[in-house]
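Notes for the one structure printed next.
The values are calculated or read from the model by the stated rules, or taken from the named source; none is laboratory data. Worth saying up front: this structure is predicted, and the values here are computed from it rather than measured. Quick reminder, even Gly has a Cβ in these numbers, built from the backbone with ideal geometry, and neighbours come from all protein chains shown.
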Amino acid sequence: MDISAIKNSPGMWIASGVMVLVIVVQAVLFMRAAKKEADQLGIPPEKQKEAKRSAVVAAIGPTIALSIMLITLMASLGGPTAWMRMNDVGSGRTELAIASMVGDMVSAEAGTPEWDLQNMSYAVWAQGIDVAGWLIGAMVMIVAGSAVTKTLNEKFDPKWIKLLMGGCLVSLFSYLLINQVYGKAPPFAIAAVGGGVSMLILNKLFGSNKRLQELSLGISIIVGAVAAAVAA
Amino acid sequence: MFDKKCLRMGLITMGGAVVASFLPALYLYFAYGVIPTGADIASLFSMMAASFAVGWLVQPITFYPALGIGASCLSWTTGNVADLRMPAISAAQKAAGIEAGTPEGNVLSTMAAATTNIVTVAFLTVITIIGSGLIALLPESVTAAFSYIAPAIFGAIVVDYAMKNLKANLPLIISGFIVYIVLKMAGLSTVWITLLVVIIGMFVSRGVFTLQAKKDKPAA
């Protein structure tokens, strides 16, 4: 069976849609509770409306950047998976990282339909583990709440904690970059350089332009990929 | 009490999301009989944990004081916390003239986070529906470019990190490249290379931090 038909099958839409449903139900529940509490605290309804409107405006830019990522993910992961993961805590960067990480674990013969299906199964398992990790990590930390903040900052230098956390991400993306380029055809290196140079220019020239900054990753992706496709 | 109510609702809905996150994987098993072996699921778990476990635990606690309970639950279910939820929350609090950290601030941050969650779901769902059609219409020369998206993204992100904090991040990037090439030539599998790049990176950032601390305190 064709893998892209499986990726976009009605069953996948339903299986992926449950997450989106949970997100909507959660948002509605919290919105009702917050509205009730805001009324009790005496926050005027106009102020509540203004606050919500500002939240919408602030969210538009980053959401457009997300939809560029969504469209690119749809091409590689299929509609349902891209839709679900862009809505839940799994980020587009991570999903692409996962897709390239699991390929080496698949045992079926490369290039066969079995490989495609097995690869997809490994990818959605890894995504499930990643998203569950975020959720469970957050649940534990929200419960532990203020007590944990206090201990971490007392026992360790908060500056060091921040550096360690950020450092893990930097190491990971360095790995992913070199893994895309090392031993691969030249267009992959051209794409990496194109994306990097585009980000450099956008950051240097338009560092103070917030809207453009929000789009900088999306623009860099297009620049890098187009440069590679032209060169190939 | 509002906080207690948020915590209860948050734990229940996030628990639901944990279950939902495995449904596509289970669907592939029940519909097509394909599932990784137990050992491979364990490897996938350690690969994910090696790459992201520090983030899973440290990020929610980092943002907790700014978000409060309600917005934390909402934001960590949908992600994009730093670049989407946080700006929206501060915009909402500013618009209403209410300070963060107060009970009123927490109520508004919950309201703002819930609003952005609905906005992103609605927007992304529309794009998903239109987007599928768009991709079908694209000429082959354009879809060919999609295979170069991954290197372009990683190139852009690595440059972005380097520019954000050159002193801390450049040593990590260089060590990442070196460790990768050395271990690849040694014939190690990528799972172990990922793990070792991250672990060696931790020592590198500790070294950078210590050096920096020494520089900041001259002639002690």
Any residue at all in segment B:36-45 that is assigned by TED's automatic domain parsing to the domain that holds B:Ile118, under 29 Å from A:Ala59 (Cα atoms), assigned to a helix (DSSP H, G or I) and touching a helix residue (DSSP H, G or I) at 6+ places or on another chain (Cβ under 6 Å)?
no
Does segment B:172-185 include one or more residues that are more than 19 Å from A:Ala97 (Cα to Cα), surrounded by fewer than 17 Cβ atoms within 10 Å (Cβ to Cβ) and either among the polar types (S, T, N, Q) or in contact (Cβ under 8 Å) with a residue 12 or more places away in the chain (or both)?
no
So for segment A:75-96 (the condition being closer than 22 Å to A:Ile23 by Cβ, among the β-branched types (Val, Ile, Thr) and more than 8 Å from chain B (Cβ to nearest Cβ)), does at least one residue qualify?
no
Residue under question is A:Asp130, and the condition is that it be part of a helix (DSSP H, G or I), at pLDDT 90 or above and acidic (Asp, Glu); does it hold?
yes
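Here is a yes/no grid of residues against (1) modelled with pLDDT of 95 or more; (2) in contact with a Ser or Thr (Cβ under 8 Å, 6 or more places away or on another chain); (3) over 15 Å from A:Leu70 (Cα atoms):
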| position | (1), (2), (3) |
| --- | --- |
| B:Leu84 | no, yes, yes |
| B:Thr102 | no, no, yes |
| B:Phe123 | no, yes, no |
| B:Ile129 | no, no, no |
Within the set of pairs 6+ apart or on separate chains, which have a first residue in segment B:10-32 that is in contact (Cβ under 8 Å) with a residue 40 or more places away in the chain, a second that is charged (D, E, K, R), and C-beta atoms under 8 Å apart?
B:Ala17/A:Asp88
Over 30 Å from B:Phe30 (Cβ atoms), touching a Ser or Thr at 6+ places or on another chain (Cβ under 7 Å) and either more than 7 Å from every other protein chain (Cβ to nearest Cβ) or at pLDDT 80 or above (or both): does that describe A:Ile142?
yes
Residue count, segment A:171-185 (criterion: among the aromatic types (Phe, Trp, Tyr) and in a helix (DSSP H, G or I))
2
Answer yes if at least one residue in segment A:151-161 is of a type outside the set (Lys, Arg), over 23 Å from A:Ala15 (Cα atoms) and at pLDDT 75 or above, and no otherwise.
no
Taking A:Ile68 and the conditions (1) surrounded by fewer than 24 Cβ atoms within 10 Å (Cβ to Cβ); (2) not acidic (Asp, Glu); (3) not in a helix (DSSP H, G or I), which numbered condition does it fall short on, given that it satisfies the others?
(3)
How do the pairs read when you match residues in segment A:12-37 that are within 7 Å of another protein chain (Cβ to nearest Cβ) and in contact (Cβ under 8 Å) with a residue 60 or more places away in the chain with residues anywhere that are part of a helix (DSSP H, G or I) and hydrophobic (A, V, I, L, M, F, W, C), using Cβ under 6 Å and keeping only pairs 6 or more apart or on different chains?
A:Ala15/B:Leu23; A:Ser16/A:Met84; A:Met19/A:Met84; A:Met19/B:Ala20; A:Ile23/B:Val121
Sole miss for A:Lys47 among (1) more than 21 Å from B:Val81 (Cα to Cα); (2) among the charged types (D, E, K, R); (3) more than 7 Å from every other protein chain (Cβ to nearest Cβ) is condition (3)
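Of B:Val158, B:Val197, which residue is at the interface with another protein chain (Cβ under 7 Å from one of its Cβ atoms), at pLDDT 80 or above and under 20 Å from A:Gly103 (Cα atoms)? Reasoning before the result, please.
Numbers: B:Val158 fails: under 20 Å from A:Gly103 (Cα atoms).
Every option except B:Val197 fails the conditions.
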Here is a check on your reading of the model: is B:Leu108 facing chain A (nearest Cβ under 7 Å), crowded, with 21+ Cβ neighbours inside 10 Å and within 19 Å of A:Pro44 (Cβ to Cβ)?
yes
Of the candidates A:Val89, A:Val57, A:Val106, the one satisfying the condition of being free of Cβ contacts under 8 Å to residues at least 60 places away in the same chain, more than 20 Å from A:Ile219 (Cα to Cα) and either surrounded by 21 or more Cβ atoms within 10 Å (Cβ to Cβ) or in contact with an Asp or Glu (Cβ under 7 Å, 6 or more places away or on another chain) (or both) is A:Val89
Would you call A:Trp83 within 25 Å of B:Phe154 (Cβ to Cβ) and buried (at least 22 other Cβ atoms within 10 Å of the Cβ)?
yes
Residue within segment A:112-121 that is within 24 Å of A:Asn8 (Cβ to Cβ), modelled with pLDDT under 85 and either facing another protein chain (nearest Cβ under 7 Å) or part of a loop (DSSP other than H, G, I, E, B) (or both) present
yes
